[in-house]
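Only the coordinates and a few stated rules stand behind these numbers; no lab work does. Since the model is a prediction, treat every value here as computed from it, not as a measurement. Quick reminder, even Gly has a Cβ in these numbers, built from the backbone with ideal geometry, and neighbours come from all protein chains shown.
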Amino acid sequence: MLHVENITKHFGGVVAVSGCSFHVKPGSVTALVGPNGAGKTTVLDMVSGLLPVDSGQVLLGERNLTNKQPYVIANAGLSRTFQQVRLFRNLTILDHLMMAKDNDDTRLLFNIWKRKKVEQDFFAAHLGRFKVTKPLSTVVADLSYGQRKLLQLAMATLKPHHLLLLDEPVAGVTALVQEEIETLLLEMRGKPTPGADAEETMLIVEHDMGFVRRLADQVMVMDAGRVLVSGTPEVVLSDPRVLEAYLGV
Ligand SMILES: Nc1ncnc2c1ncn2[C@@H]1O[C@H](COP(=O)(O)OP(=O)(O)OP(=O)(O)O)[C@@H](O)[C@H]1O
Ligand SMILES: [Mg+2]
């Protein structure tokens, strides 16, 4: 599914990612874990085209997506959420869902106006599933942090996709929202994605190890810009090298 080969990224003198390689198997839930500053978000940004790689390759299935524009990568079947929630404060929930649904028409505002009339029932049902409890007309500025995280997830899952990248989906939310997100992801695991004929494949960056153990079938540990070890959660999370990288023991 996703093949990341030897990617590297420098920010001036800082080596954020260095010779990082890994594979994500179709239908798997793969967790990418590691200490702060290990390079996890930078990897997701390179995979989704927000940052160019300095060297190395990113392949989704057979397609070489290295340094393609983010919209090209999104249309190739990659969907994602962000560690720092990225939404428009003054736009409504409905506006966000319509933007998320498809990005192949550049006449965005005209489309928003046109489609507003026909898709509200569908969006309302989708939002209900994702526990966004406010009306579609609510502006993002009036949503709690937890509701914004849930809206991000609802947006990422709306569009047909092959691979879902989630950067710290449960960080900073209440225990209740954390449980809701975990339940949603568990429900999605192993099921076909809307509009695509394959099981949901997820790559999730997360620090909460309980969450990782319950959800992931593969875990990869990054430290200092590269993947140090990977395997099943049971094996990886008790590996002495991982304990050292994470806990300094
Ligand atoms: N835009 C940037 N400019 C300069 N340095 C950056 C930039 N983005 C990331 N870095 C640096 O690159 C390294 C990796 O950062 P990254 O955000 O990928 O880590 P992370 O594993 O996601 O950490 P966290 O768990 O805290 O989110 C860090 O040293 C960080 O300070
Ligand atoms: Mg990060």
Alpha carbons only, please: Rg and Dmax for the chain, in angstrom. 18.1, 58
By counting other Cβ atoms within 10 Å of each Cβ, how are 138, 183 ranked from fewest to most? 183, 138
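Relative contact order, percent, of region 1-96 when contacts are C-alpha pairs under 8 Å separated by at least 6 residues?
On the way: 130 pairs, mean separation 25.9, N = 96.
That works out to 27 percent.
Would you calculate the volume per residue, in Å³, of the smallest convex hull containing every Cα atom of region 180-249?
Values: hull volume 7.1 nm³, N = 70.
Taking the convex hull of the Cα positions in region 180-249, it is 102 Å³ per residue.
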Inter-label distance for residue 187 and residue 137, nm, one decimal - labels placed 7 Å from Cα along Cα-to-Cβ: 2.7
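Would you work out if region 124-186 is rounded, prolate or oblate? Take a ≥ b ≥ c from the square roots of the eigenvalues of the alpha-carbon gyration tensor; rounded if a/c is under 1.5, else prolate when a/b is larger than b/c, oblate otherwise. Don't skip to the answer; put the middle values down first.
Working: a/c = 1.59, a/b = 1.12, b/c = 1.42.
It comes out oblate by the Cα gyration axes.
Grab the beta carbon distance between residue 63 and residue 15, set R0 = 25 Å, and tell me the FRET efficiency rounded to 0.05. Please list the in-between numbers first.
Numbers: r = 28 Å, r/R0 = 1.10.
The calculated FRET efficiency here is 0.35.
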Which FRET efficiency value, to the nearest 0.05, is calculated for residue 89 and residue 119 with the Förster distance at 25 angstrom and r the Cβ-Cβ distance? 0.65
Set the Förster radius R0 to 25 Å, insert the Cβ-Cβ distance between residue 72 and residue 198 as r into 1/(1 + (r/R0)^6), and round the FRET efficiency to 0.05. 0.80
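Treat the count of other C-beta atoms within 10 Å as a stand-in for reagent exposure and order 51, 158 from fewest to most.
Details: 51 20, 158 23.
Taking fewest neighbouring Cβ atoms as first place, the list is 51, 158.
So what is the diffusion coefficient of region 130-249 in µm² per second by Stokes-Einstein at 25 °C and 0.890 mPa s, using a Kirkwood Rh over Cα pairs?
Numbers: Rh = 15.9 Å.
The Stokes-Einstein estimate is 154 µm²/s.
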